[in-house]
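A short worksheet on the structure shown next.
What follows draws every value from the coordinates through simple rules; no lab data is involved. Predicted, not measured: the structure shown is a model, and the values here were computed from it.
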Amino acid sequence: MSKDTSAEDPWHSGGKLHPVLGTRDPQLADAQRVWGEDFEPVDLSELEGADPHLEDVGEQMRRLRDALTGIADSGADLAEAAELLRRAADIVEPQSPDQATRLASQWRKGGPGARRTNPVGGTENVIAPPLRAFGHPDGSVSARITLGLPYQGPPGCVHGGMSALMLDHLFGFANHWVGLRGMTAHYEIDYRKPTPLLEPLDMKAWVESHEGRKIWVRATIESGGELRVEARALFISANVPLPGRDATAPGEER
Ligand SMILES: CCCCCCCCCCCC(=O)SCCNC(=O)CCNC(=O)[C@H](O)C(C)(C)COP(=O)(O)OP(=O)(O)OC[C@H]1O[C@@H](n2cnc3c(N)ncnc32)[C@H](O)[C@@H]1OP(=O)(O)O
């Protein structure tokens, strides 16, 4: 794939995902094929939370997550925070249905699926960085993120599993962006140089080729203009049962 030279490049700009295949909108077409005609299309990058308080709770949890990691030797007094957090958990827990009920509710017809709660980009998920991906006219998708101490593996570096997780997720977006859909079947990763914490990471993923149910994808992570990680994967279009529904999310049929 050639490098994106679009003047409207949404890289890092917070821009919306937008269609790239002429007049056909692959996101809308795929969504309607999965969810039916009454599916309300929402740009992933612009997906609103069902409840603004939920987004806010997620944000406050992430602030705490980042502030707490590595705090042990600072002499901080956490007694009041621990009490407040216990009270918060006591308020939320009794109101939260069991996980199987919540899972089915996520995948109800017209529901959000895991988009708001997945472990990479889910703004309601405290373990998600959260990563935001943007689509480009050349068919690639990209994301920029700076990871902090919660994601440390080697000293001062991003945990290799975190890099693999983020790129696997980005592969999903790369498929989605060009109207494909699949499950990771085979995944290879090369760690070329250490990936730093506290420095911006530029990630890119794209579909290299596609034949029948097989989709070959590639991705990179760069930092400071240097290649840190490169990955290749084979995705296979597959029907995935939807929790709580007598339906599947169909794989790519072309
Ligand atoms: C909203 C959007 C945003 C999206 C944003 C969110 C995106 C999230 C993306 C996350 C992605 C994931 O984590 S996915 C989760 C991790 N992956 C999984 O759990 C997948 C588990 N595996 C499976 O379910 C299965 O193995 C499948 C579905 C992949 C394939 O099984 P199958 O359907 O029975 O197909 P099968 O006949 O075995 O294989 C079909 C063809 O592919 C080949 N093939 C199959 N597996 C492999 C393999 N590992 N390596 C090489 N080749 C393989 C076979 O040889 C065959 O070739 P031939 O004989 O036809 O030539």
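Summary of computed values
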{"read-out": "Cα gyration tensor category, rounded, prolate or oblate, for region 26-249 with a/c compared to 1.5", "value": "oblate"}
{"read-out": "Overall form of region 163-254 per C-alpha gyration tensor (a/c, 1.5; a/b vs b/c)", "value": "prolate"}
{"read-out": "Region 64-186 shape via C-alpha gyration tensor axes, a/c threshold 1.5", "value": "oblate"}
